[in-house]
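What follows is a short report on a single structure.
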Amino acid sequence: MTVTAQSTDLFGAALRGEFCEVVGDGAAAFQLPVARWCGAADRSDRALLRHCRGATLDVGCGPGRMVEHLARAGRAALGIDVSPEAVASTVRRGAAAILRDVHAPLPAEGRWETVLLADGNIGIGGDPRRLLARVAGLLAPGGRVVVDLAPPGAGVRTDRVRLRTTAATSEPFAWSTVSVDAIDSLARAAGFVEVRRYCSGGRWFAVAVKAA
């Protein structure tokens, strides 16, 4: 018998060490890279984080390695996540995090200098254009979003996916992927005036800057 559970509950179980994979109609199943997320920021993470400026909001912070790295460097940083386990993990690392959806009211709206969308979190909600427009509203004039992206050629794709453990499967939810060569038009439609693209160690990402 298949047991249905909330995706946040299954993500929390994954952070506690349970097997968890992403399944969907459009692609092969893959296991969540939880061990990497629960570790320290690695070289490719640090390449991404070098582009963060000033007070940084990490959207979908997971277990908090990015927020921890920024905090240890003396930077003002806050993580948000919809998973209680993720927020608790981030706080245990000595970093700041709150339980919050990105589309809910947030601290310091319109004053963040950087918003971070790491680990594929451009996919949150299955609507990259809406997410980037929300991010633009969170940023101060001249602020930036630093966003992880898929390799060139993948375009923009939205699928209905589920999380699955050995004990349960979540309800389906929308998740998007955006390739590095597809970010420009999305970012500019959301109000960003400059987009710079990067590749470091096989990791593709971009920095989009809001008008000053």
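Among the candidates ARG196, ARG188, the residue that is under 20 Å from VAL115 (Cα atoms) and assigned to a strand (DSSP E or B) is uniquely ARG196. Filter region 165-185 down to residues that are more than 27 Å from ASP42 (Cα to Cα) and in a strand (DSSP E or B) and give me whichever is least open to solvent (accessible area, probe 1.4 Å). Among those that are more than 27 Å from ASP42 (Cα to Cα) and in a strand (DSSP E or B), it is SER170.
The residue that is farthest from ILE122 (Cα to Cα), among those in region 154-190 that are touching a helix residue (DSSP H, G or I) at 6+ places or on another chain (Cβ under 7 Å) and small (Gly, Ala, Ser), is ALA168.
Within region 110-149, the set of residues being among the acidic types (Asp, Glu) and under 18 Å from ARG196 (Cβ atoms) comprises GLU113, ASP148. Filtered by the rule that a residue be over 13 Å from the mean Cα position of the chain (by Cα) and of a type in the set (A, V, I, L, M), region 87-132 gives VAL87, ALA88, VAL91, ALA95, ALA96, ALA97, ILE98, LEU99, ALA104, LEU106, ALA108. Any chance region 193-206 includes a residue that's under 17 Å from the mean Cα position of the chain (by Cα) and crowded, with 21+ Cβ neighbours inside 10 Å? Yes, region 193-206 contains at least one residue that is under 17 Å from the mean Cα position of the chain (by Cα) and crowded, with 21+ Cβ neighbours inside 10 Å.
Determine if region 32-39 includes at least one residue that is β-branched (Val, Ile, Thr) and in contact with a Gly (Cβ under 7 Å, 6 or more places away or on another chain). No: region 32-39 contains no residue that is β-branched (Val, Ile, Thr) and in contact with a Gly (Cβ under 7 Å, 6 or more places away or on another chain).
The values are calculated or read from the model by the stated rules, or taken from the named source; none is laboratory data. Note that the structure is a prediction, hence the values are computed from the model and not measured. Positions of Cβ are generated from backbone atoms using ideal geometry, with glycine treated the same way; all protein chains shown enter the neighbour counts. Remember, those area values only see protein heavy atoms, side chains included, never the ligands or the DNA or RNA. Shrake-Rupley method; radii C 1.70, N 1.55, O 1.52, S 1.80 Å.
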